[in-house]
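*Asks:* Here it is, the structure in full.
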Amino acid sequence: MIVTTAQLSKHAYGKYAVGAYNINNIEQTMGLFRGCLDSQAPFIIQLSKGARQYSDKRMIEAVIRAADEIFPEAIYAVHLDHGDEATCYDCIDSGFYSSVMIDASHSPFEENIAITKRVVDRAHAKGLTVEAELGQLGGVEEDVVVDEGNACLTNPAEAVEFIQRTGCDALAAAIGTSHGAFKFKGQQSLHFEVIEQIEANLAAAGMQPVPIVMHGSSSVPQEEVRRINAAGGKIADSCGVNEDEYLPAAKLGVTKINIDTDGRLVWTRVHREFFRDNPGQFDFRPPGKVFMDEYAKFIAAKNVKLGSAGQLASLRAFLGK
Ligand code: G3H
Ligand code: 13P
Ligand code: ZN
């Protein structure tokens, strides 16, 4: 059942974070739905611009509709990840999405506000909510590369003005993470003080708390990386977010935690090992089946770390379903 992202945020706020997982194909979709039902967790499906172009946006949307029929107990939202203005409008007008993200974080502050406000107005008119980004994460997203020197944490004072003037429903805040598999040089802690200060400033301004979204939250498990490299991969010096920081972040108001890279690592490990161990094999379905199982296990374990595991019954009661 597709619900709104706002409903999921409201149930999660201050208690747990909903996993927002990027998908591109049938195998990821099957593994995601299975893993979330196995762990009894709500979830957010994220489609990036690249995912919508990979086969065809109608294809991936049809795959989600099919999964909805196959797994009628699943409760989830469908969200556009890192949208530009045109893609946001396309998703808003399609009637299929629960929410969109407008990412104008690479534009100057005033331009970010103007673009975000236009998207918010159009989305709200159709009952969708909007996530917007302020500050800059390092790493690679879509076709934009931000080197670590240019990445900057969200300024909490600016965040309040940004939320006030745009009316956005959730804020993607830069708190020290970055996209991809190479987040830090050595393990680093997240800048929780940025989240605390944003929520404190909102309260001081007499505003409602706004859910915070954590991008770039993959943990890049070192065992996964070791296995990929042992099977012929070359992923050196990778490093991710400590999974034990998800729940503390959730308690401070993070309701959505974005994970893509970790799922890609599962895919790479499964396929590298499979073809290493079965050099004569050229049927792609056997490794595809292994991947679906492994991806489901990965999702279920991640949901435990996010605190979303086991929340379905309470959410169902909350939604009156
Ligand atoms: O933040 C970006 C996500 O990992 C999506 O990646 O744009 O390559 O689909 P993508
Ligand atoms: P990772 O690259 O850490 O998985 O982040 C994904 C993300 O933020 C998608 O928007
Ligand atoms: Zn992101």
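The values are calculated or read from the model by the stated rules, or taken from the named source; none is laboratory data. Just so you know, these numbers come straight off a predicted model, no measurement behind them. Note: ideal-geometry Cβ built from the backbone for every residue, glycine included; neighbour counts use all protein chains shown. Accessible surface areas use protein heavy atoms only, side chains included; no ligands, DNA or RNA. Shrake-Rupley method; radii C 1.70, N 1.55, O 1.52, S 1.80 Å.
*Asks:* Please go through the range 250-263 and pick out each residue that is of a type in the set (Gly, Ala, Ser) and within 15 Å of ligand 3 (Cβ to nearest atom).
*Replies:* GLY263
*Asks:* Taking the residues in the range 223-237 that are modelled with pLDDT of 95 or more and not aliphatic (A, V, I, L, M) as candidates, determine which candidate is nearest to ligand 3 (Cβ to nearest atom).
*Replies:* Taking the candidates together, the pick is GLU224.
*Asks:* Please go through (1) buried (at least 19 other Cβ atoms within 10 Å of the Cβ); (2) at pLDDT 95 or above for PHE182 and return the number of the only condition it doesn't satisfy.
*Replies:* The single condition PHE182 does not satisfy is (2).
*Asks:* Evaluate the range 138-148: report whether one residue or more is in a loop (DSSP other than H, G, I, E, B), open to solvent by less than 40 Å² (accessible area, probe 1.4 Å), at pLDDT below 95 and among the charged types (D, E, K, R).
*Replies:* no
*Asks:* What pairs can you find where one residue is in the range 1-25 and closer than 11 Å to ALA77 by Cα, the other is modelled with pLDDT under 95, and their Cβ atoms are less than 9 Å apart, with a gap of 6+ or different chains?
*Replies:* Within 9 Å, the pairs are MET1/LYS321; VAL3/LYS321.
*Asks:* Any idea which of LYS126, LYS117 is touching a Ser or Thr at 6+ places or on another chain (Cβ under 7 Å), at pLDDT 95 or above, open to solvent by 20 Å² or more (accessible area, probe 1.4 Å) and of a type in the set (Lys, Arg)?
*Replies:* After applying the criteria, what remains is LYS117.
*Asks:* Could you please find all residues in the range 210-232 being more than 20 Å from the chain's Cα centre (by Cα) and either of a type in the set (Gly, Ala, Ser) or open to solvent by 50 Å² or more (accessible area, probe 1.4 Å) (or both)?
*Replies:* Passing the criteria: GLN222, GLU223, ARG226, ARG227, ASN229, ALA230, ALA231, GLY232.
*Asks:* For the structure I just gave you, tell me whether ALA159 is away from ligand 3 (no atom under 16 Å from the Cβ), at negative phi, modelled with pLDDT of 95 or more and crowded, with 23+ Cβ neighbours inside 10 Å.
*Replies:* For ALA159, the condition - away from ligand 3 (no atom under 16 Å from the Cβ), at negative phi, modelled with pLDDT of 95 or more and crowded, with 23+ Cβ neighbours inside 10 Å - is met.
*Asks:* Next up: Can you name the residue in the range 238-248 that is in contact with a Lys or Arg (Cβ under 7 Å, 6 or more places away or on another chain) and within 24 Å of ALA170 (Cα to Cα) and, of all such residues, is farthest from ligand 3 (Cβ to nearest atom)?
*Replies:* Checked the range 238-248; the qualifying residue farthest from ligand 3 (Cβ to nearest atom) is GLU243.
*Asks:* Being open to solvent by less than 10 Å² (accessible area, probe 1.4 Å) and within 13 Å of ligand 1 (Cβ to nearest atom): is that true of VAL254 here?
*Replies:* The answer is no for VAL254.
*Asks:* Same structure again: Can you find a residue in the range 271-288 that is within 16 Å of ligand 1 (Cβ to nearest atom), buried (at least 18 other Cβ atoms within 10 Å of the Cβ), modelled with pLDDT of 95 or more and not β-branched (Val, Ile, Thr)?
*Replies:* Within the range 271-288 (the criterion being within 16 Å of ligand 1 (Cβ to nearest atom), buried (at least 18 other Cβ atoms within 10 Å of the Cβ), modelled with pLDDT of 95 or more and not β-branched (Val, Ile, Thr)), the answer is no, since none of the residues qualifies.
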